[in-house]
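One structure is given below, encoded as C-alpha cells.
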Amino acid sequence: MVIEENVPSIFNWLPTAALEWLAAVAFFFVLVGFLGMLFSSLRIGPGNAFRLVWKTACQAFMEIVSVSPKTIGALGMLTFKEAIRRKIVVVFIIFVMIVLFAGMFLDPTSPHPAQLYIGFIFSTTAYLTIVLMLLLTAFSLPSDFQKKTIHTIVTKPVRVSEIVLGRIFGFVMLGTMLLVPMGIVSYGFVVRGQAHTHIVKSDDLTQDRKNPSLDRGLTSNAREHRHEVVFDKENQVAYLTPTRDHTHDITIQEGKDGARHFTLGAPVDMLKARVVQYGKIGYLDQRGIVSNKGVNVGDEWEYRSFIAGNTDAAFIWQFENITPAALVGDELQFEFTQEVFRTHKGIISRQIIGGFYIRNPETGLMLEVEIFQSKEGGTSVFRVPRTINISADKMNLKSSQRNPNGTSGSRASAVAVKMARQGGEVKSYPSDDKLNTGGANRAEFDLFTDFVAPESSMFDENGKEIPRKNVMEVWIKCLERGQYFGAAEPDMYLRHRDAPFAWNFVKGYLGIWFQMIMVTIYGVVFSTFLSTPVTVLATLFMTLGGSFHQFIASLGAGNVDGGGPLEAAIRLFRQENTTIDLDMNSYEVIISKMCDTVFQAFIRFLSYLVPAFDKFDTSTYVAQGFNISFDMVLMNLCTVVGYAIPLYILGYLCLKLREIER
C-alpha cells in the first residue's frame, strides 16, 4: 500500500495559505457588511445604515480584543457541568461496550488485520464524538433561549463575545475529556488484538528435497494463520516467511538432549509508522529521451503512467538530501509499489521481471542493484548497502536473472540522459567530458561518494532548471518485451527509521480532535441564530460537505468531467459521453455554459466556507503504517484556527444582533 499524497513543508505551505485566508476572510466580512448595510438602508436610510454598520464593527472589535480569560473559563466550566448533568458519560460507556464485543465481529481471516482493527476503532471514535458534539451544541443556546436561562447570564458583567467563546471552550474541553480515555482504550484494543505468537516443534520440520541443508515446516495455528519456518542447518539460523503483514523473531536453543527448541516473539512489522521520503519522478520514452509522462495503456484512471518493457523506457526518481542520516542500519531502503499491464501472459509461473538501478545524475555512473519480480498489488523492497562490492556479490543477484534476454553486460555503466530541447535538438546530460566511463570497470563503490551528487539540477515540465543538493537517481525498468510497468510519483519512496507507533496513534487521534473542534464551532455559531433542528441540519451539511471537500473544490474550479449541473443534464438527456465536446452552436449548450459558470463561482465560494474534513482524517496513515508528519499536524492546526477566528466573530455578531431582554 502507498499513501498517494506528498505533504509539503509547513514553511512552504503557510505563506500561500495565509494570503488565501486573508483574502477569503476579507471578502466574507465585506460581503456580510454589505448585506447588513443593504437591509439597514431599507429601514433607516443609507447614511444611518453606514453609521450603524461602522459602529457595530468598532464595538465588535473592542469587545473581541478585550475578552477576559477568567470569564471565558468560568463560562466554559458552566457549559462543561451542564453537559455532565445530561449524562454524556453514557457515550464513553457505549464506546467501551462496542470495543469489548468488536473482536467477535471483526474478520479473523483478514489479510491486513492491523488495518482492519485500526480503521474500525478510528471510525467508531470519530462517529460517536462528532454526533455527540453536534447534538450538544445544537441544543445548547436554543435551549437557553427557550427556557430563558440566558437572561441570568446576560444580566451579569459578561460580554456577548465571552458567551460564544465560553460555549466553544466548554464543549471542546468536554470532547477532549472523552477522547483521552477513548484513545487509551483504543490503543490497548489494537495492541492486544494483534498480540499473538506461535509454537514450533523440531519434530514438525522436515528436510527440504531440493536443498538438504534446509529444514522446512509450519508453525502452529494462531489467529487463523500459520507461518512457514525455514531452518538453515549449516548456519544454525531460522526465519519465518511473512504472513498477513507481519513476521516473528525466532530464537533457537539447544536442550540437554540435543534437540532444538524454537521460541517465537511478538509480531514484527504489524504496527509500524514508516517515515518515508518522496522523490520527483521523470520518464524516459522508448527511445531513451526524457518525457513528461509515460505510455497510456487505455486505463480509465490516468493516475499512473506506464513504460514499455525491453526498451530504453524507464521511470526516474530523483531524491534530494541523501546523507548518512537516511541509512537504516548500514543501507538505504527503497520501497516500490507497481502496477503491471500484460499484453500477453508470458511465463505464467512467475511475475514480470524488472530492474532496479541507482545513478549519479552528474557523472552518469549507474549501477544495476537488483533484478526483481514484480509484485502486483504488493510492495517490492530494495536495499542498497553503503559499501557496494560487486565481486563479493553482495547485491543479492542471481546470474540466471541478470538479463532475461540472454545477453551479458556489466553491472556498472556510464549512462547519459537524452533531453529534447526547443527546436528539436537532443542533448545529453551529463556531457561526454563529465561522463564517468572509468567507474564502470570498478568492483567496489561507496554509495555516497559515487552515486550521490553534491549539487545537481533537474528540469521541471516547463524546462526550467531547478538546483538540488545531495541528489541520487533511482531507475526502474521493465525487462520483458510486450509487458508494461505502471507507477506514479508516490509509488517509490525512501524509507527512513520508523517512528514510534504509539506516538503515530496519538497523532491520528489529533485528527479526530480537530474534527470535533470544527463541529463544535459550527454548532455553537449556528445555534446563535437558528433553531435546534435547523442547527443540526446546517452543522451536518458542513460536516458531510467537508468530507467531499476535494470534489467540491474540483467542481468549483471546473475540473470535473461533464461540466456543471446543466451541462451534465444535457449530456444525460442526449446520452452523450462526458469526454465528448458538445456542439457550441446550440443555444441550450451556450445558456447551460453561462449558468454553470455562475454556479461554479458559487461552489468555489462555498468551498472556502466548508472545511476540508477529509484532510483532518489521518486514520489511513495509521492503518497503513505511515508516519503522520509534524508538518501535516501543524497544517491541520492552522486550518482549524483559520476557520475558528472568522466563525467566532460571526457567532458574536449574530448573538449580538439577536434581541435579548436585559
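The values are calculated or read from the model by the stated rules, or taken from the named source; none is laboratory data. Remember, it's a predicted structure, so these values are computed and weren't measured experimentally. Quick reminder, even Gly has a Cβ in these numbers, built from the backbone with ideal geometry, and neighbours come from all protein chains shown. The protein model used for the area step is the full one, side chains on, heavy atoms only, and it has no ligands, DNA or RNA in it. Shrake-Rupley method; radii C 1.70, N 1.55, O 1.52, S 1.80 Å.
Kindly indicate whether TYR283 is among the hydroxyl-bearing types (Ser, Thr, Tyr), within 30 Å of HIS496 (Cβ to Cβ) and in contact (Cβ under 8 Å) with a residue 40 or more places away in the chain.
no
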Assuming VAL67 fulfils every condition listed in (1) out of contact with any Phe, Trp or Tyr (no Cβ under 6 Å at 6 or more places or on another chain); (2) at pLDDT 80 or above; (3) part of a helix (DSSP H, G or I); (4) surrounded by 15 or more Cβ atoms within 10 Å (Cβ to Cβ) apart from one, which condition is it?
(3)
Would you check if ASP285 is of a type in the set (D, E, K, R) and buried (at least 16 other Cβ atoms within 10 Å of the Cβ)?
yes
Any hit, the stretch 605-613, residues being in a helix (DSSP H, G or I), closer than 30 Å to ASP269 by Cα and of a type outside the set (Val, Ile, Thr):
yes
Please verify whether THR343 is polar (S, T, N, Q) and within 30 Å of ILE388 (Cα to Cα), treating the condition exactly as stated.
no
If you take the residues in the stretch 636-653 that are of a type outside the set (Val, Ile, Thr) and open to solvent by 30 Å² or more (accessible area, probe 1.4 Å), which one is farthest from ILE118 (Cα to Cα)?
LEU653
So, VAL2, is that one hydrophobic (A, V, I, L, M, F, W, C), at pLDDT below 80, touching a strand residue (DSSP E or B) at 6+ places or on another chain (Cβ under 8 Å) and on the phi < 0 side of the Ramachandran plot or not?
yes
Any idea which residue in the stretch 362-382 is farthest from GLU473 (Cα to Cα), counting only those that are in contact with a strand residue (DSSP E or B) (Cβ under 7 Å, 6 or more places away or on another chain) and surrounded by fewer than 17 Cβ atoms within 10 Å (Cβ to Cβ)?
GLU376
Of all the residues that make up the stretch 185-218, how many are open to solvent by less than 30 Å² (accessible area, probe 1.4 Å), more than 28 Å from ALA502 (Cα to Cα) and touching a helix residue (DSSP H, G or I) at 6+ places or on another chain (Cβ under 8 Å)?
1
Of the numbered conditions (1) in a helix (DSSP H, G or I); (2) within 30 Å of ILE130 (Cβ to Cβ), LEU572 satisfies every one except a single condition; which is it?
(2)
Does GLU302 satisfy being under 29 Å from VAL560 (Cα atoms) and either exposed (fewer than 14 other Cβ atoms within 10 Å of the Cβ) or under 27 Å from the mean Cα position of the chain (by Cα) (or both)?
yes
Give me the pairs: first residue in the stretch 312-334 and among the hydrophobic types (A, V, I, L, M, F, W, C), second residue open to solvent by 60 Å² or more (accessible area, probe 1.4 Å) and not in a strand (DSSP E or B), beta-carbon distance under 7 Å, and six or more apart or on different chains, which are they?
ALA313/GLN286; LEU327/ARG386; VAL328/ARG497
Please verify whether ILE118 is under 30 Å from GLY378 (Cα atoms) and in contact with a helix residue (DSSP H, G or I) (Cβ under 6 Å, 6 or more places away or on another chain), treating the condition exactly as stated.
yes
Tally time: how many residues in the stretch 356-384 are under 25 Å from ASP432 (Cβ atoms) and either part of a strand (DSSP E or B) or in contact with a Ser or Thr (Cβ under 7 Å, 6 or more places away or on another chain) (or both)?
9
